[in-house]
Amino acid sequence: MAVVSKNQTQQQTPNPGGGESRIEDSTIGKTCHQCRQKRTDLVGSCVTKKKDKTCPIKLCTKCILNRYGENAEEVALKKDWICPKCRGNCNCSYCMKKRGQKPTGILVHTAKKTGFSSVSELLKTSGSDKYFYTKKVKPEGGVVALPLKLDQENSIEQKHVSIKKSRKTKREELKDLNNGCSDENAVVKKSSPKKIKISDSVHPTEVTKKVLAEGKKKKTTTKDIKENNVADKIKRIKPALKKKEEDQVEVKLPQGNSSITVSGIDLAPEDAGNVFQFLEFCSAFGKALDLRKGQAECVIREMLSGRSKRRQQYSTLTQMIIQLLTVILEDKGETSVCLSATDASWFTTIGECLSESEVKLDDFPPEMFEKGISQYEKLNSSKKLKLLNFLCDETLGTSVMRNCIDSQNIESVERKKEAKEKINAAKDKEKQLKQKLQDELAQAVKEKNGIPLLITERDAIVSRINAETKEVYSEMQNAIDMLSKKSQGSDDAVRTNPVELDDNGLIFWRLKSYNDEPNILLQDLGIWNEVCPHEKWYSFSSEQKPEIEKYISSIRMKRLGAQNNANTLIA
C-alpha cells in the first residue's frame, strides 16, 4: 500500500464530458492520455509492441467512455485490447495535431445531442474538419461581452463585465470589510459590476452575506471569512468522498457448485483436477499421440464408472497406458517395444518408469508392481487417474512431444504475423473509406452546383460507406482474436494459462475440455503458503456469469492500482 503524506491533496474537478465529478491526484495518479490529468482510475493494457516494448498508453474511465464509447470494465477484462492511438483513431489534441488536424476541444455534448454515443463516432461519420477548437482571444481593455440569452437575441444593449480587477480595488474592498464599513453601498460603488468575491475559489457563505448586510452592527474579520469558507468547502467535498467510498465496495464472488459434469460424466470433487489435467493433455497432444476423437473421454468414463475391471485386452484405459509407455520406451532407444494388454508386462514397465523418474509417488511402492496385474485392479479410480497423469507428464520430456511443441510454436508465430498484417491492412482500408466518404460528399455537392445536400442524400452516402466500414471492423476483430490466442511466449502455444488468480488461492480457468456456459471454472487451493494444498473445483450457472466477470474485473483493477502505487513510490 502506498503511503500518502499529509500535504498530499486530492482535487475534485467537474467532468468535462458530463456525468459525475472525478477525483484527480497529482501525487500518486498516472496521466490519462486523453485529458492529460493525473488519475487513479486508469484502465486498458494495450498489447501493441514497438521495439520490444509494450505500449504504455492508458485512459481514465470517463474519457474512454465519452471519447471512444468503450466501457471501462469491459476494457479491463480484455487481454487483446488495442489503444486508440495504436488503432489510428485517437482524438486527443496531441495526436490530432500530429496527424495535421485541429484539436476538437470538449465535443461530447455535441456528439450526444446529435445522437452519437461518443466523440469518436461523431468524427468518424462527420469528419474532423467540421469540429475544431478555437482559442478565445482576449479583447483590448480587458472587457469581454457576455453571450446573449435566447430571449435577448434582438436586444441592442449588451452587458459588459470587467474580467480583471486591479490589486488596489481588491485591497480597498478587504480594508472596508476588516474595518466594518458603515456604508454598504460604498463597497459596491468601488467594485466592478461583478458581485464581490471574498475568495477566488469559494463563493461567500450565507453567514458572510449576513455580516456584510449588517454593516455597522458587527465587525467582520479575515479570520471569520476564512472559517466560513472552509466550512462551505468541507460541505461540498463530503458527498464526493462518500461517493468514492461507495465505489470501493468489495465485490463478492458468487457461490459455486461443487458438482461438475464433463461430456456427460459426473466428476467427484477429489477427481476433478486430475480429470481436467488429463483431458487438457489429450487436447493439446492428441495429434502427436494419434488419439481417436473422443478416446480421452472414453478412458475417463470407463475409469470413473467402474468398468475398468473388464478384461484388459478390451479396456480403453489399458490401451491408453500402453500408447504412453511405447512413446517413453522408444525415446529411450528401445527399438522393439512389444507391450500386450493380455499380460502384466505393461504394469511392470510402469514400475520401472516410476523408479527411474525424479517424481516420487508414495501411493505406489516398488514392490506393488512385482505382484502382478491383480494389484492394479485393486486400485481405486483416483489412484489409477493419478498414475495415468504421471505417464502423461513423463511423455512431455520425449523428443516426440518436444518436436510437437516446437512445430506448434512455429505455427503460432506465423499466425501472429498473419494477424498483424491483417490488422494493418484493415487500418489502411479504414483510412481509405474515410477519404472516400469525404470525396463522395464533396462530389455530390459539386454536382448540385454547391447547394448543400439534403439529409436523405447525405444519409444514403454515409450508410453505404458505413456498411463497408463494418466489414473492415469485422476483419480487424477477427485478426485481433487470432492475435490474442497466441500472444504469449514460447510454450504457450500448447499450454493452458489461467484467466485470473487472486491472493486468496483462487484460480479461474477457461479450459478446452469444459464447454458448459459459462465456460469458467474455479480452482480453490486454500492458502498459497500451504505445503500440500487440498484443491477444490467449482462450476457456475449461466445466470452467475455477470457476477463472475465483475469479480475478475475487480481483481484486475486492484492489481492495477497496486502497481501504480508501487511505481509511484519507486519513482
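The values are calculated or read from the model by the stated rules, or taken from the named source; none is laboratory data. All figures in this text were calculated on a predicted structure; none of them were measured in a lab. So basically every Cβ, Gly included, is an ideal-geometry build from the backbone, and we count neighbours across all protein chains shown. Heavy atoms of the whole protein, side chains included, go into the accessibility calculation; ligands, DNA and RNA do not. Shrake-Rupley method; radii C 1.70, N 1.55, O 1.52, S 1.80 Å.
Considering every residue within the stretch 424-433, establish whether at least one is over 37 Å from the mean Cα position of the chain (by Cα) and either closer than 30 Å to GLU121 by Cα or among the β-branched types (Val, Ile, Thr) (or both).
In the first step, residues of the stretch 424-433 are kept if they are over 37 Å from the mean Cα position of the chain (by Cα); the result is none.
Scanning the stretch 424-433, I find no residue that is over 37 Å from the mean Cα position of the chain (by Cα) and either closer than 30 Å to GLU121 by Cα or among the β-branched types (Val, Ile, Thr) (or both), so the answer is no.
Could you list, in sequence order, all residues of the stretch 528-571 that are closer than 20 Å to ILE507 by Cβ, at pLDDT below 80 and open to solvent by less than 100 Å² (accessible area, probe 1.4 Å)?
Those that are closer than 20 Å to ILE507 by Cβ, at pLDDT below 80 and open to solvent by less than 100 Å² (accessible area, probe 1.4 Å): GLU530, CYS532, PRO533.
What pairs can you find where one residue is in the stretch 109-138 and among the acidic types (Asp, Glu), the other is at pLDDT 75 or above and not in a helix (DSSP H, G or I), and their Cβ atoms are less than 7 Å apart, with a gap of 6+ or different chains?
Sorted first by the residue in the stretch 109-138, then by its partner, the pairs are GLU121/GLY69.
Those residues that are closer than 17 Å to GLU70 by Cβ and either open to solvent by 80 Å² or more (accessible area, probe 1.4 Å) or out of contact with any helix residue (DSSP H, G or I) (no Cβ under 8 Å at 6 or more places or on another chain) (or both), I need them from the stretch 103-133; list them, please.
Within the stretch 103-133, LYS112, LEU123 meet the criteria.
Of all residues in the stretch 346-376 being at pLDDT below 85 and open to solvent by less than 40 Å² (accessible area, probe 1.4 Å), which is farthest from the chain's Cα centre (by Cα)?
Applying the filter and picking the extreme gives GLY372.
Within the stretch 26-34, can one find any residue that is in contact (Cβ under 8 Å) with a residue 60 or more places away in the chain and more than 20 Å from the chain's Cα centre (by Cα)?
Checked against the condition, which is being in contact (Cβ under 8 Å) with a residue 60 or more places away in the chain and more than 20 Å from the chain's Cα centre (by Cα), the stretch 26-34 yields at least one hit.
On the given criteria, is LYS436 open to solvent by 50 Å² or more (accessible area, probe 1.4 Å), free of Cβ contacts under 8 Å to residues at least 60 places away in the same chain and within 29 Å of LEU304 (Cβ to Cβ)? Step through it out loud before you land on a result.
Numbers: open to solvent by 50 Å² or more (accessible area, probe 1.4 Å): yes; free of Cβ contacts under 8 Å to residues at least 60 places away in the same chain: yes; within 29 Å of LEU304 (Cβ to Cβ): no.
Considered against the rule, which asks whether it is open to solvent by 50 Å² or more (accessible area, probe 1.4 Å), free of Cβ contacts under 8 Å to residues at least 60 places away in the same chain and within 29 Å of LEU304 (Cβ to Cβ), LYS436 comes out as no.
Just one of ALA444, ALA419, ALA460 is of a type in the set (Gly, Ala, Ser) and within 25 Å of ILE82 (Cβ to Cβ); which is it?
On the way: ALA444 fails: within 25 Å of ILE82 (Cβ to Cβ); ALA460 fails: within 25 Å of ILE82 (Cβ to Cβ).
Being of a type in the set (Gly, Ala, Ser) and within 25 Å of ILE82 (Cβ to Cβ) holds for just one of ALA444, ALA419, ALA460, which is ALA419.
Is it fair to say ILE23 is part of a strand (DSSP E or B) and either in contact with a helix residue (DSSP H, G or I) (Cβ under 9 Å, 6 or more places away or on another chain) or modelled with pLDDT of 85 or more (or both)? Even if it seems obvious, please write down each step before you answer.
Numbers: part of a strand (DSSP E or B): yes; either in contact with a helix residue (DSSP H, G or I) (Cβ under 9 Å, 6 or more places away or on another chain) or modelled with pLDDT of 85 or more (or both): yes.
The answer is yes for ILE23.
Counting only residues that are small (Gly, Ala, Ser) and closer than 23 Å to PRO546 by Cβ, which one in the stretch 28-49 is surrounded by the fewest Cβ atoms within 10 Å (Cβ to Cβ)?
Step one: filter the stretch 28-49 for residues small (Gly, Ala, Ser), giving 29, 44-45.
If we keep only those that are closer than 23 Å to PRO546 by Cβ too, we end up with 44-45.
Values: GLY44: 22, SER45: 18.
Per the criteria, the residue is SER45.
State yes or no: is GLU377 over 24 Å from VAL299 (Cβ atoms) and in contact (Cβ under 8 Å) with a residue 60 or more places away in the chain? It would help to see each step written out before you state the result.
Working: over 24 Å from VAL299 (Cβ atoms): no; in contact (Cβ under 8 Å) with a residue 60 or more places away in the chain: yes.
It is false that GLU377 is over 24 Å from VAL299 (Cβ atoms) and in contact (Cβ under 8 Å) with a residue 60 or more places away in the chain.
Restricting to the stretch 135-147, and then to whatever is assigned to a loop (DSSP other than H, G, I, E, B) and open to solvent by less than 90 Å² (accessible area, probe 1.4 Å), can you tell me which residue is modelled with the highest pLDDT?
Among those residues, the one meeting the criterion is PRO139.
Out of curiosity, is CYS63 part of a loop (DSSP other than H, G, I, E, B) and modelled with pLDDT of 85 or more? Reasoning before the result, please.
Working: part of a loop (DSSP other than H, G, I, E, B): no; modelled with pLDDT of 85 or more: yes.
Answer is no for this residue.
Exactly one condition in (1) under 17 Å from GLU394 (Cα atoms); (2) surrounded by 15 or more Cβ atoms within 10 Å (Cβ to Cβ); (3) of a type outside the set (Phe, Trp, Tyr) is false for GLU297; which is it?
Status for GLU297: all satisfied but (1).
Taking the condition of being at pLDDT 80 or above, open to solvent by 40 Å² or more (accessible area, probe 1.4 Å) and not in a loop (DSSP other than H, G, I, E, B), how many residues in the stretch 476-519 meet it?
The number of residues fulfilling the criteria is 4.
I'd like the full set of residues that are in contact with a Gly (Cβ under 9 Å, 6 or more places away or on another chain) and open to solvent by 80 Å² or more (accessible area, probe 1.4 Å), limited to the stretch 377-433.
Within the stretch 377-433, just LYS431 meets the criteria.
What are the pairs with Cβ atoms under 7 angstrom where one residue, in the stretch 50-79, is surrounded by fewer than 22 Cβ atoms within 10 Å (Cβ to Cβ) and the other, located anywhere, is aromatic (Phe, Trp, Tyr)? Sequence gap at least six, or different chains.
What qualifies is VAL75/TRP81.
Evaluate the following for LEU391: is it modelled with pLDDT of 90 or more and closer than 30 Å to MET303 by Cβ? Quick ask: steps written out before the conclusion?
Details: modelled with pLDDT of 90 or more: yes; closer than 30 Å to MET303 by Cβ: yes.
In short, yes.
Do you know which residues across the stretch 26-83 are more than 23 Å from MET476 (Cβ to Cβ) and in contact with a Cys (Cβ under 6 Å, 6 or more places away or on another chain)?
CYS32, CYS35, ARG39, ASP41, LEU42, CYS60
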